[in-house]
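Enquirer: Just dropping this structure here.
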Amino acid sequence: MEKNYKELLHQISTFIFDVDGVLTTGDILITAEGEMLRSMNTKDGYALKCALQKGYKIAIISGGTNEGVRNRLKALGVYDIYLGAHHKMDAYEELLDLYNLSPSEILYMGDDLPDLPIMEQVAVAACPQDAVPEIKAAANYISHRDGGKGCVRDIVEQVLRLQGQWDHNVGAKND
């Protein structure tokens, strides 16, 4: 019998996210100068900071190369950022080796076909509500939220709550 995704959340220590369509809506605004602009949800950012403060590992693997995205993620405290990863499995395998991780402790959230190979390897494969059908079919969990609209907060908060790591002080600065 296959485990319910909530049972699998107990063992998660590491989150890996795609960017476009997960941390962003997937929409790209292009300025007259050719700069590509993306929008990220502040509640997703808050959840990432909370998870990092509680000792979880967070990594980003994206085919995109926007340095503004890298800067935003670094400002949140995320440093394992693989942009321009056209073969996402290479970045995934590097993370496994770097931190001696087991797939059984990893949650990956993606929204499109390049995410499928990693989703097939991890303990929990998650996706936003507006992911493509093939990704939804491969997911253990489909968020009720769309990409860039709180799907990251949704799954991170579930893991932290289930593991007793989410409380009213989470995310508060220790000044």
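The values are calculated or read from the model by the stated rules, or taken from the named source; none is laboratory data. Source: prediction; values computed, not measured. Here the Cβ is made from the backbone with ideal geometry for all residues, glycine too, and neighbour counts use every protein chain on show.
Enquirer: Step by step: first the residues of the range 1-45, then only those that are among the small types (Gly, Ala, Ser) and within 18 Å of Trp166 (Cβ to Cβ), then the one that is surrounded by the most Cβ atoms within 10 Å (Cβ to Cβ). Which residue is that? Lay out the reasoning, then the answer.
Expert: Pass one, the range 1-45, residues among the small types (Gly, Ala, Ser): 13, 21, 26, 32, 34, 39, 45.
Those left that are additionally within 18 Å of Trp166 (Cβ to Cβ): 13, 45.
Working: Ser13: 17, Gly45: 19.
Residue satisfying both the conditions and the ranking: Gly45.
Enquirer: Kindly indicate the residue of the range 151-167 that is surrounded by fewer than 19 Cβ atoms within 10 Å (Cβ to Cβ) and part of a loop (DSSP other than H, G, I, E, B) and also modelled with the lowest pLDDT among those meeting that condition. Can you show your working first?
Expert: In the first step, residues of the range 151-167 are kept if they are surrounded by fewer than 19 Cβ atoms within 10 Å (Cβ to Cβ); the result is 161-165, 167.
With part of a loop (DSSP other than H, G, I, E, B) added as a condition, the list becomes 163-165, 167.
On the way: Gln163: 97, Gly164: 96, Gln165: 96, Asp167: 80.
Within the range 151-167, the match that is modelled with the lowest pLDDT is Asp167.
Enquirer: Kindly establish whether Ala51 is outside any helix (DSSP H, G or I) and surrounded by 18 or more Cβ atoms within 10 Å (Cβ to Cβ). Explain how you work it out, then say what you get.
Expert: Values: outside any helix (DSSP H, G or I): no; surrounded by 18 or more Cβ atoms within 10 Å (Cβ to Cβ): yes.
Against the criterion (outside any helix (DSSP H, G or I) and surrounded by 18 or more Cβ atoms within 10 Å (Cβ to Cβ)), Ala51 does not qualify.
Enquirer: Looking at Glu2 and the list (1) within 18 Å of Met119 (Cβ to Cβ); (2) at pLDDT 95 or above; (3) acidic (Asp, Glu), which single condition is not satisfied?
Expert: If we test Glu2 against (1) within 18 Å of Met119 (Cβ to Cβ); (2) at pLDDT 95 or above; (3) acidic (Asp, Glu), just (2) comes out false.
Enquirer: Please verify whether the range 125-136 includes one or more residues that are of a type in the set (Gly, Ala, Ser), in contact with a Cys (Cβ under 7 Å, 6 or more places away or on another chain), part of a loop (DSSP other than H, G, I, E, B) and closer than 18 Å to Asp44 by Cβ.
Expert: Looking for residues that are of a type in the set (Gly, Ala, Ser), in contact with a Cys (Cβ under 7 Å, 6 or more places away or on another chain), part of a loop (DSSP other than H, G, I, E, B) and closer than 18 Å to Asp44 by Cβ, one finds none in the range 125-136, hence no.
Enquirer: A further question on this structure: Those residues that are among the charged types (D, E, K, R) and either more than 15 Å from the chain's Cα centre (by Cα) or at pLDDT below 95 (or both), I need them from the range 131-150; list them, please.
Expert: Listed by number, the residues that qualify are Glu134, Lys136.
Enquirer: Which of the numbered conditions does Leu101 fail, given that it passes all the others? Conditions: (1) in a helix (DSSP H, G or I); (2) of a type outside the set (Phe, Trp, Tyr); (3) crowded, with 17+ Cβ neighbours inside 10 Å; (4) in contact (Cβ under 8 Å) with a residue 60 or more places away in the chain.
Expert: Status for Leu101: all satisfied but (1).
Enquirer: Given the criterion in contact with a strand residue (DSSP E or B) (Cβ under 6 Å, 6 or more places away or on another chain), modelled with pLDDT of 95 or more and of a type outside the set (A, V, I, L, M, F, W, C), identify the matching residue among Lys57, Lys43, Lys74, Lys49.
Expert: Of Lys57, Lys43, Lys74, Lys49, the one residue that is in contact with a strand residue (DSSP E or B) (Cβ under 6 Å, 6 or more places away or on another chain), modelled with pLDDT of 95 or more and of a type outside the set (A, V, I, L, M, F, W, C) is Lys57.
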